[in-house]
Amino acid sequence: MAVQTAAPDVPRGRRGRRSADVPALVAGARDGDARSVARLISLVEDASPALREVAAALSPHTGHAQVIGLTGSPGVGKSTTTTALVRAFRAAGKRVGVLAVDPSSPFSGGALLGDRVRMQDHAGDAGVYIRSMASRGHLGGLAWATPQALRVLDAAGCDVVLIETVGVGQSELEIASLADTTMVLVAPGMGDGIQAAKAGILEVADLFVVNKADRDGADQTVRDLRYMQSLGGRFAEPGHWRPPICRTVASREADNGIDKVLEKVEEHRLWLESSGEGQRRREERAAREIEAIALATLRERLADVHGSAALGSLAGSVVAGETDPFRAADELLDKL
Ligand SMILES: Nc1nc2c(ncn2[C@@H]2O[C@H](COP(=O)(O)OP(=O)(O)OP(=O)(O)O)[C@@H](O)[C@H]2O)c(=O)[nH]1
Ligand SMILES: [Mg+2]
């Protein structure tokens, strides 16, 4: 893939102040220029003034990528599995984007740095784009920034985008819900199955992957998952997708079970298409995105000088008993 553009890269920390040549960046990204992709992601995740222009320029080129989410407890093997999947998709000639999202980490080092090191496998391959995202510094949070980064990778021509996120709480579930297909990884002996059920992760799984199947207890973990599935859930409805359970040893180069995972992902993709569920999920995703943007905009307006002055005077009226907080809220919304 030719490296094409000469778009200037703005140093982090001063982003957004210098104006970006958005059309050139989008053209560069579509030509596979990694620096243009990086710059576009920075512009969207930092909510730069160019954000709207970027979003408008990207939208005609989106809707192509197959989005696959990987979630699970820390250390279960998400990055290793991601690396194995990237290898498999590359072997099939696909362009691949990877978003490694770490909602729990306020720092940019630690686990993410580890991810980057392991991902060096793919360094220098122009058909792979890898980006780590941590919660620090994002105006609207990761739940807001991740779909925007996804759009950039989609528009840049990625056939597949893999999103890795640690499964520990609600925001991860939101991020997982960005995916067309969500894989929940568990490992033997980690008590993951039970934890997963608690976290509601069972509900988001389209596919279970019992990784580290080379360890003792893999059979038991599979049985635990089957048992939990037998208790019901959305997949108990007729015609609904029943999440298959695959075993992998992601750390092995060959005979690692990844082929089976890919097979199941493809089956799920076909089911999404034939059942209409794929379209439904994409629309729901877009609806949430619109809602998040609208709410962020409202919050911004509330915080600006005009909004906070109005809020202050209404608060006075409520304290004085001249109005109630519900009427005051209506008035505030009218003023905005
Ligand atoms: N025995 C065995 N070890 C594995 C397997 N897959 C991954 N590992 C090892 O497990 C450790 C954690 O793997 P990662 O891929 O970093 O796990 P992760 O889920 O991405 O971890 P975090 O991003 O920190 O949550 C590494 O030392 C891997 O080499 C496997 O199938 N079998
Ligand atoms: Mg990882």
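Descriptive notes on the structure:
- Around the amide H of residue 130, modelled in the peptide plane, lie the amide H atoms of 98, all under 5 Å away and 5 or more residues distant in sequence or on another chain.
- Whole-Hz couplings from phi, Karplus 6.51/-1.76/1.60, listed for the stretch 260-275; x for Gly and Pro: 5, 4, 4, 4, 5, 4, 5, 4, 5, 4, 5, 5, 4, 5, 6, 8
- Convex hull volume per residue in cubic angstrom - Cα atoms of the stretch 297-336: 53 Å³
- Taking 7 Å steps out from each Cα toward its Cβ at residue 283 and residue 329 produces label points 2.9 nm apart.
- Net length available on complete extension from residue 296 to residue 220 is 22.8 nm, with 0.36 nm assigned per residue and the Cα-Cα distance removed.
- Calculated FRET efficiency for the pair residue 177/residue 336, C-beta based, R₀ 25 Å, to 0.05: 0.30
- Each of residue 227 and residue 30 was given a label point 7 Å from its Cα along the Cα-to-Cβ line. The distance between the two points is 5.4 nm.
- The slack in the chain from residue 306 to residue 240, taken as 0.36 nm per residue of separation less the alpha-carbon distance, amounts to 18.7 nm.
- Amide N of the stretch 148-164 lying under 17 Å from the label point, which is placed 7 angstrom from the Cα of residue 61 along Cα→Cβ: 148-161
- Per residue, the accessible area of the stretch 45-97 comes to 36 Å², computed with a 1.4 Å probe over protein heavy atoms only.
- Of the accessible area of the stretch 239-336, computed with a 1.4 Å probe over protein heavy atoms only, carbon and sulfur atoms account for 56 percent.
- In this structure, the amide hydrogen of residue 182, modeled 1.01 Å from its nitrogen in the peptide plane, lies closer than 5 angstrom to those of 69, 206, 207, counting only residues at least 5 positions away or on a different chain.
- Whichever lysines have a C-alpha closer than 17 Å to that of residue 212, once near sequence neighbours (fewer than 8 apart) are set aside: 78, 260
- Each peptide in 245-257, 63-75 gets a packing score, the mean of other Cβ atoms within 10 Å over its residues, and the list from highest to lowest is 63-75, 245-257.
The values are calculated or read from the model by the stated rules, or taken from the named source; none is laboratory data. Worth saying up front: this structure is predicted, and the values here are computed from it rather than measured. Virtual Cβ from ideal backbone geometry, glycine too; neighbours counted across all protein chains shown. Heads up: the accessible areas ignore ligands, DNA and RNA and are worked out on the full protein's heavy atoms, side chains in. Shrake-Rupley method; radii C 1.70, N 1.55, O 1.52, S 1.80 Å.
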